[in-house]
Amino acid sequence: MDWHQLFNMQKKLDTYIETKRGIADQDVFSEKCLALLTELGELANETRCFKFWSTKERSEQAVILEEYVDGIHFILSLGLDKGYGFTKEDIPHPNLSEIEQFHAVFAASVAFKNEPTEANYKNMFISYLQLGKLLGFSEGDIQRAYMEKNAKNYQRQNEGY
């Protein structure tokens with residue numbers, strides 16, 4: 001995966017949004033952290049992995065992937081805010097269930113919010129990518145969906161989202 005390209009795309013989107021909203025001089029790190037946790041909850045909701053009380057099927061894979069890349073947008077944006085990047089590396093397949101991997105991502109995200117170190121950022125990023133593996137997404141799936149959602153995010157901004 002070309003993370004450099006995605007970071008550049010995210011930087012352009014962030015700059016566009018901040019300029020359009022007149023918040024270029026504001027620190028919105030805390031808001032982005034909460035947005036990431038919210039997106040993670042929305043992702044979990046689409047997988048329905050925790051809904052032991054329900055027999056309804058999980059959402060289609062395309063819906064789950066779109067929710068997943070919403071999280072990628074915020075992870076990239078948070079890295080940009082703190083000056084952190086991410087390079088391609090082999091991500092080990094997690095040995096956790098989906099539920100436990102969601103817990104791991106939530107915990108890593110909160111740890112990064114509370115102590116935004118580069119090590120915590122990398123841990124959050126890797127745990128999120130491991131969740132993507134558990135959900136069955138390839139690097140190609142993620143990159144393609146990110147690009148599609150990035151274009152949709154520009155459209156939403158232009159339409160007064």
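The values are calculated or read from the model by the stated rules, or taken from the named source; none is laboratory data. Keep in mind it's a predicted model, so treat the numbers as computed, not measured. Ideal geometry is used to build each Cβ from the backbone, glycine not excepted, and the neighbour counts take in all protein chains shown. These accessible areas exclude ligands, DNA and RNA; they are computed on the full protein's heavy atoms, side chains included. Shrake-Rupley method; radii C 1.70, N 1.55, O 1.52, S 1.80 Å.
Scanning region 46-68 for residues that are in contact with an Asp or Glu (Cβ under 9 Å, 6 or more places away or on another chain), open to solvent by less than 70 Å² (accessible area, probe 1.4 Å) and on the phi < 0 side of the Ramachandran plot turns up E46, T47, C49, S59, V63, I64, L65, E66, E67, Y68.
The rows are residues; the columns are (1) under 11 Å from the mean Cα position of the chain (by Cα); (2) not aliphatic (A, V, I, L, M).
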residue: K12; (1), (2): no, yes
residue: G22; (1), (2): no, yes
residue: L43; (1), (2): yes, no
residue: F50; (1), (2): no, yes
residue: E67; (1), (2): yes, yes
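So which residues in region 50-72 are in contact with a helix residue (DSSP H, G or I) (Cβ under 8 Å, 6 or more places away or on another chain), without any contact (Cβ under 8 Å) to a residue 60 or more places away in the chain and among the charged types (D, E, K, R)? Matches in region 50-72: R58, E67. Within region 73-97, no residue that is at positive phi sits with its Cβ atom under 7 Å from a residue that is at pLDDT below 95 and not in a loop (DSSP other than H, G, I, E, B) at 6+ positions apart or across chains. Scan region 12-28 for residues that are surrounded by 14 or more Cβ atoms within 10 Å (Cβ to Cβ) and in a helix (DSSP H, G or I) and the total you get is 5. The C-beta contact set for region 36-49 (first residue in a loop (DSSP other than H, G, I, E, B), second residue β-branched (V, I, T), distance under 8 angstrom, 6+ apart or interchain) comprises C49/I99. The residue that is most open to solvent (accessible area, probe 1.4 Å), among those in region 72-108 that are within 22 Å of I23 (Cβ to Cβ) and either of a type in the set (S, T, N, Q) or not in a helix (DSSP H, G or I) (or both), is G83.
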